[in-house]
Every structure is written in C-alpha cells, then in structure tokens.
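Quick notes on the structure that follows.
The values are calculated or read from the model by the stated rules, or taken from the named source; none is laboratory data. All values reported here derive from a predicted model rather than from experimental measurement. Positions of Cβ are backbone-derived with ideal geometry, glycine not excepted, and every protein chain shown enters the neighbour counts. For accessibility, only protein heavy atoms count, side chains too; no ligands or nucleic acids. Shrake-Rupley method; radii C 1.70, N 1.55, O 1.52, S 1.80 Å.
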Amino acid sequence: MITIILPNHSKAAERFAAQELRRILKKCAQTESVIIADGEKFDIPAISIGKTSVTSIKDCEVTEELLNEDGFVVCGDGKILSIRGAWERGTLYGVYDVIEKFLGVKFLTADYTYYPKSVHFAIPVVNYREVPSFTIRNYRCYQTEHNPLFCARRRVTPLYGKNIAKYGYALSHRCLDEGHNTLSIIRHDVYNDTHPEFFGGLGKEDEICWLNGLDENYEYINDGKLSVVGLLIDFVKKTVAKHKHCNCVSIMQWDTFTESQGKRCLEVSKKYGSSAAPIILSLNAVCREVQKWSDKYLNGRRIKIITFAYIYSEKAPVVYGDNGEIKLLDEKIKAHENLVVQIAPAEANFAYEIYSDKQLYSCFYPDLRYDRMFKEWNAVCKEIAIFGYESNGCERLFYFPNLQTYKNNLKYYKSIGVSIMDSLAQIYRYSGFQTDMKAYVFSKLLWNMEENTEKLVKEFCEYYYGIAAEDVLKMIQLFEDRISYLKETLGAEFSAGMHMNRYGTEVNAEWYPVSFLDEAMNVIKGALKKTASSDLSVGEKKRLKKRLTSVLITPERMKIFLGAEHSGGKKQWLKDMKKFFAHCRLAGVEYLSTDANVDVIPETGIVYGGSIENNIKYYFGNEERI
C-alpha cells in the first residue's frame with residue numbers, strides 16, 4: 001500500500017494527478033494506494049504531490065523563474081517521494097514524468113497509451129529537476145487541438161478548452177492567442193463610417209492605421225478621444241481583467257500581404273526601412289500604457305504583448321553599420337521589454353536548418369534569408385516567439401523531411417532567446433503516421449533538446465507498431481536516406497518547404513523514382529501480411545492494420561501524384577487510385593490537404609486538394625464502393 005498525500009487546499013490538477021497516479025500504480029504495478037489530505041496520519045511508503053508538510057522540496061526550489069513556469073522537482077529518499085512544480089500544472093507534469101520514468105508508461109497517441117504489466121515499483125532514491133526549453137510549447141495537431149488530457153500527458157500547452165483545470169488549463173489561462181486579430185479588435189463595420197482614419201485604406205480587409213493615437217514622439221495621446229492605439233490599450237486591459245491569470249495577449253496583424261496604407265504609416269515604414277516599424281512603435285506605446293495601469297491596479301503584474309513578424313512585416317527595422325554590424329536607427333524603434341515578436345517562417349525549407357546557407361528566402365523579401373532575419377530581429381527585441389510550420393500544409397500525406405533538422409532548429413531558437421515555440425502540424429481530424437510519430441518526438445525535444453531523435457523515433461515505433469516496428473523503421477530509414485542523398489546531390493535546389501501555397505513540387509519521378517516508392521510500399525505490405533498471419537487477437541490485428549495502412553498511404557500517395565505515365569498507363573493509375581482511396585478510408589483520412597475544394601493541376605489532371613469523398617466523386621462518379 002502506498003499513501004498519496006495532497007495539500008489541504010489542493011488544486012484540481014493536483015487532485016487529478018493523484019487519481020492518475022493511483023490508477024496507473026494499480027494497473028502497472030498491481031499496487032494499491034490511498035489518497036489523503038496533508039496532516040492525516042499515514043504510513044510509508046508515501047508520495048507527496050504539491051506543497052505539503054512532508055515534502056522535502058522547498059519553496060525556493062520551485063519558483064516559476066527557476067522552472068520556466070511549467071517545470072518541476074522530484075525528490076525521493078526511498079521512503080517518501082516528493083513531486084512539486086511552481087504551480088499546479090508543473091506538479092501534474094511532474095507526476096506524469098514519474099509515471100513514465102518509473103512505471104514505464106508511454107503516452108503514444110491520444111487514443112493509445114502503452115501500459116507495461118507487472119512492474120516492480122518502489123520509492124526511488126532520486127533528486128532531479130525538469131525544466132522545459134520553452135515557456136509555451138505547442139505542437140498543433142488534431143490530437144493536441146482537441147484533447148487537453150493528451151496535452152497534459154505530453155506536457156505541451158493545450159490551445160483551447162474552458163473546463164480543463166484538472167488538466168492544467170488551456171493556453172488562454174496564461175496567454176490569450178487569437179492569431180491575426182487586429183481587424184477583429186478594430187472592426188471596419190463598427191468604425192469605418194465614423195473613423196475612416198483608423199484604417200489604411202477603404203477596403204474591408206485593409207489593415208489598421210497603427211500610428212493613429214500617437215504624437216510625434218510616438219507617445220500615446222490620452223485626450224479622451226477614440227484612437228487606434230487607445231482601442232488596443234483598452235482591449236488588452238479588458239482581456240487581462242477578464243482573465244485574471246493571463247499575462248500575455250496577442251495583437252497581430254491581419255493575414256494580408258498589404259501593409260497599412262495610411263500616409264503616416266507609409267512614411268514611418270520608409271524612414272526605418274521596414275513595414276514592421278509602425279507596428280513596433282504602436283505596440284511599444286500600448287506596452288507602456290498597459291504596464292502603468294498594471295503597476296497601479298494589478299500590483300505590477302507584467303503584461304506582455306505578442307505580435308507577428310509575418311509576410312509584409314518580416315523584415316526588422318534595422319540598419320547596417322560600416323563594418324556590417326546590425327544596429328537601430330534610433331532607440332525609439334527598439335521593442336519594449338514587454339513586447340514579444342513572433343516570427344512565422346512560412347516559406348522555410350525544413351530539409352535544412354533555419355540558419356543554413358541553403359535555406360529558402362523569405363516569401364515577401366526575396367533577398368532576406370532566414371538566418372539574417374533572425375539576427376536582425378534579435379537586435380530589435382528582447383524576446384522572440386516562433387510560429388513554425390512543421391508539416392506540408394498542402395499535401396499532408398507526402399513524406400515531410402524535417403526529422404534531421406528539427407532538433408538543431410530548436411537549439412538555435414533557444415540560443416537567440418525564443419520563449420514560445422508554437423508548431424503547426426496537421427490540425428484536421430486525421431493526424432497520420434508522421435504527425436503521430438513527430439508529436440511524440442517533438443514533445444520530448446521541447447523539454448530536452450539533448451534527446452536523441454533517432455532513439456525517440458525507434459521508441460515510438462516499437463511501442464506503437466509492435467511486431468511491425470522494424471518494417472516501419474525500415475521505411476522511415478529509406479526516406480531519410482533518400483532525403484540525405486537529395487540534399488547532398490541537389491543542395492539548395494532541394495526544395496522541401498512548408499508549401500502551404502505550393503502543390504507538391506518537391507515530389508517528382510527524378511527525386512522519388514517509382515522503384516523507390518514501390519520499395520517503400522512493399523516494406524509495409526510485408527508488414528501487413530506479417531500482421532495478418534500472426535497470433536495476435538482479432539482486435540489487435542485490426543488496430544495494427546489501421547496503423548500500418550496509415551504508413552502505407554504515404555508512398556502510395558506520392559506514387560499516384562507522379563501521374564498516369566508512371567503507373568503503367570491511365571487504366572492502372574485509376575486502379576491504384578481506387579486502392580489508395582480505400583486505404584484512406586481505412587486509415588481515417590478525410591482530406592488530402594488543407595484545401596477544402598477539389599482542384600486539378602491542368603498539366604497532369606491530378607487532384608491535389610479537397611476531401612477524399614470529393615476526390616472519389618471526381619474520378620469515379622457515383623460508384624458506391626471503392
């Protein structure tokens with residue numbers, strides 16, 4: 001019997017952590033446990049969760065600063081094991097860490113957790129601290145977008161959800177991130193008729209005039225009149241007042257390629273050589289005014305504002321000295337210490353490190369490579385955030401070549417002061433084998449960048465694919481070897497970017513020959529045969545068949561994309577297409593890409609977007625069975 005001790009006034013996440021620990025102790029170690037409140041009589045062995053009178057972890061060891069908000073400390077002497085974070089989410093994460101380390105549990109996907117059997121558990125003699133590499137860690141896939149419990153187990157921050165206190169709260173608890181929101185804060189339909197000066201143009205998608213409400217020194221004109229800066233200040237105040245734990249609020253440009261067309265904004269952009277300049281000057285004023293208000297009414301709580309350096313605002317407002325050093329034209333353009341600039345490298349080539357000389361250029365500034373972009377922003381702001389694109393947004397089934405670079409990118413981001421790592425993967429219903437695997441790998445790296453990527457991939461495959469793990473690993477290695485070859489052979493010409501606005505141009509018969517794709521497919525077909533002839537139960541075979549089919553459709557889709565001439569003619573191509581769609585249905589694929597409508601590449605007739613069902617109708621009409 002193990003005693004689990006909770007604080008007298010325990011939080012929901014601490015109570016849930018105790019329940020999870022009790023459940024898993026019984027499931028894996030056949031060990032019973034009892035949960036008690038601090039102060040009640042207890043027998044050892046015992047596990048203390050949070051701040052109790054028996055914990056050996058002192059307050060000074062668990063400050064948010066030391067633990068980067070969500071970290072935790074674990075200390076055990078063989079009799080009592082203490083687990084404690086700076087706040088309840090950190091404590092919950094600490095319990096899950098103990099469950100993984102000392103009970104051997106693997107939280108693999110949202111719908112599958114590996115639980116070992118007959119584990120011997122004794123209170124360990126340990127003393128360690130885990131600190132996340134980034135304060136906010138998101139890996140946006142369907143599993144994490146819609147499953148806060150899975151986020152808690154993976155120790156990434158769930159984006160949404162209201163009643164999830166027991167899982168450690170959603171992102172909005174500490175950071176309200178609404179994406180491109182300027183025109184939802186200052187709406188055309190509300191202000192355009194009475195205050196057209198609030199906007200840089202006459203169209204309903206025209207960006208706000210960022211400098212409206214600032215004097216010639218870019219200070220806020222607090223004269224009681226409505227202004228853009230005044231409305232932004234009010235928005236932040238109301239948000240922080242409503243969300244009492246929130247200390248980060250996003251004010252981000254509209255998702256447009258056009259900067260504000262206001263005369264003053266254009267003049268300031270020209271003066272500082274960057275369309276980001278009006279945004280920085282505007283939000284500097286917002287930061288100053290909000291912090292004054294917080295000092296007066298919120299006991300000095302530090303309120304950060306996050307804004308995008310994206311598309312038209314990617315270029316930092318800097319100049320170069322005679323010796324090539326990066327510097328500011330004047331101190332006014334330096335970002336306020338509470339202003340976090342979030343860079344979104346939408347066109348990055350993820351086959352190469354973000355700082356590589358083979359990296360793609362910024363999509364809006366064709367002479368601005370990402371390594372220089374980050375260095376320039378580092379001269380402007382103290383704190384940088386990343387909104388990364390970790391998957392092929394258009395053709396989600398293509399093999400995406402970023403396993404070799406993600407770890408090095410994370411290390412680089414950390415070295416330049418990145419505090420928020422928000423990665424966009426596959427957020428629609430189907431995750432797929434790549435997203436499932438990478439969600440596991442990346443969630444580990446977001447805490448410990450020294451983890452071995454290959455080891456994590458192998459670990460996931462061994463527990464998730466069981467008897468077929470070697471086959472899946474073989475197929476992955478085939479692709480990774482091919483990518484290494486393409487990088488070595490083609491250099492910067494090997495374009496493997498996020499491709500949200502490109503349609504699979506990196507997949508062609510020269511780079512991925514039919515013989516190579518057939519070899520990859522045959523490896524997984526062999527695994528499917530092995531599964532069918534195994535002594536697994538009917539249910540286990542069915543689950544593994546679905547998982548393996550999810551792997552198979554990657555080389556299958558890439559081969560189909562090559563076109564009829566690479567499949568032995570149109571008739572064979574359509575036959576292969578039918579098999580592919582049947583496999584998609586089995587694997588649970590609903591969309592080939594993020595595009596909602598079917599479109600056709602005229603030269604090939606290949607459908608690249610839309611739902612599986614629309615693709616079926618396009619190719620096969622009203623045939624009911626595929």
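So which GluC sites (Glu not before Pro) in the stretch 63-131 pass both tests, a DSSP loop state and at most 13 other Cβ atoms within 10 Å of the Cβ? List each step's numbers first, then the result.
Working: sites: Glu64, Glu65, Glu69, Glu88, Glu100, Glu130; in loops: Glu64, Glu65, Glu69.
Within the stretch 63-131, the qualifying GluC sites (Glu not before Pro) (loop, at most 13 other Cβ atoms within 10 Å) are Glu65.
Determine, for each peptide in 46-56, 6-16, the mean count of other beta carbons within 10 angstrom over its residues, then list the peptides with the highest first.
Averaged packing, sorted descending, gives the order 46-56, 6-16.
Mind giving me the FRET efficiency for Glu519 and Phe257? R0 is 30 Å, r the Cβ-Cβ distance, nearest 0.05 is fine. Mind showing how you got there, number by number?
On the way: r = 42 Å, r/R0 = 1.40.
It comes to 0.10.
Could you pull out the pairs from Lys117/Lys545; Lys455/Lys487; Lys117/Lys474; Lys570/Lys617; Lys407/Lys458; Lys41/Lys166 whose alpha carbons sit more than 21 Å apart here?
Numbers: Lys117/Lys545 24 Å; Lys455/Lys487 23 Å; Lys117/Lys474 28 Å; Lys570/Lys617 17 Å; Lys407/Lys458 16 Å; Lys41/Lys166 26 Å.
Violating the 21 Å limit, Cα to Cα: Lys117/Lys545; Lys455/Lys487; Lys117/Lys474; Lys41/Lys166.
Using per-residue counts of other Cβ atoms within 10 Å, averaged over each peptide, order 344-352, 189-197 from highest down. Please list the in-between numbers first.
On the way: 344-352: 24.0, 189-197: 12.6.
The packing order, highest mean first, is 344-352, 189-197.
Any number yet on Rg/Rh for the chain, C-alpha, Kirkwood? Each step should come with its number before you reach the end.
Values: Rg = 26.6 Å, Rh = 26.7 Å.
We get a ratio of 1.00 for the chain.
Simple spin-label model, 7 Å along Cα-to-Cβ: Glu337 to Glu590 in nm?
Roughly 4.7 nm, to one decimal.
Among 310-322, 135-147, 111-123, how do they line up from the highest to the lowest mean number of other beta-carbon atoms within 10 Å?
Details: 310-322: 19.6, 135-147: 22.2, 111-123: 13.1.
Taking the mean over residues of other Cβ atoms within 10 Å, the ranking is 135-147, 310-322, 111-123.
Between the stretch 435-476 and the stretch 81-155, what is the separation of their alpha carbon centroids in Å?
Here the answer is 17 Å between Cα centres.
How about the stretch 435-516: which GluC sites (Glu not before Pro) there lie in a loop by DSSP and see at most 12 other Cβ atoms within 10 Å? Can you show the working numbers first?
Values: sites: Glu450, Glu451, Glu454, Glu459, Glu462, Glu470, Glu480, Glu488, Glu493, Glu506, Glu510; in loops: Glu450, Glu451, Glu506, Glu510.
Listed in order of number, the matching sites are Glu450, Glu510.
Report the relative contact order of the chain, percent, no decimals, based on alpha-carbon pairs under 8 angstrom and at least 6 residues apart.
Numbers: 1164 pairs, mean separation 62.4, N = 626.
Once normalised by length, the contact order is 10 percent.
Would you mind telling me the antiparallel percentage of the DSSP bridges in the chain, rounded to 5? Could you put the intermediate results ahead of the total?
On the way: 23 of 61 bridges.
Within the chain, antiparallel bridges account for around 40 percent of the total.
Quick check for you: with a 1.4 Å probe and neighbouring chains kept, what is the accessible area per residue of the chain, in Å²?
Working: 26540 Å² over 626 residues.
Dividing the accessible area of the chain by its residue count gives 42 Å².
Quick one: with all protein chains in place, what share of the accessible area of the stretch 105-257 is carbon or sulfur, to the nearest percent (1.4 Å probe)? Let's see the in-between values first.
Working: 3430 of 7060 Å².
With neighbouring chains kept in place, the figure for the stretch 105-257 is 49 percent.
What distance in nm lies between label points placed 7 Å from Cα along the C-beta direction at Arg23 and Asp43?
Taking the simple label geometry, Arg23 and Asp43 are separated by 2.7 nm.
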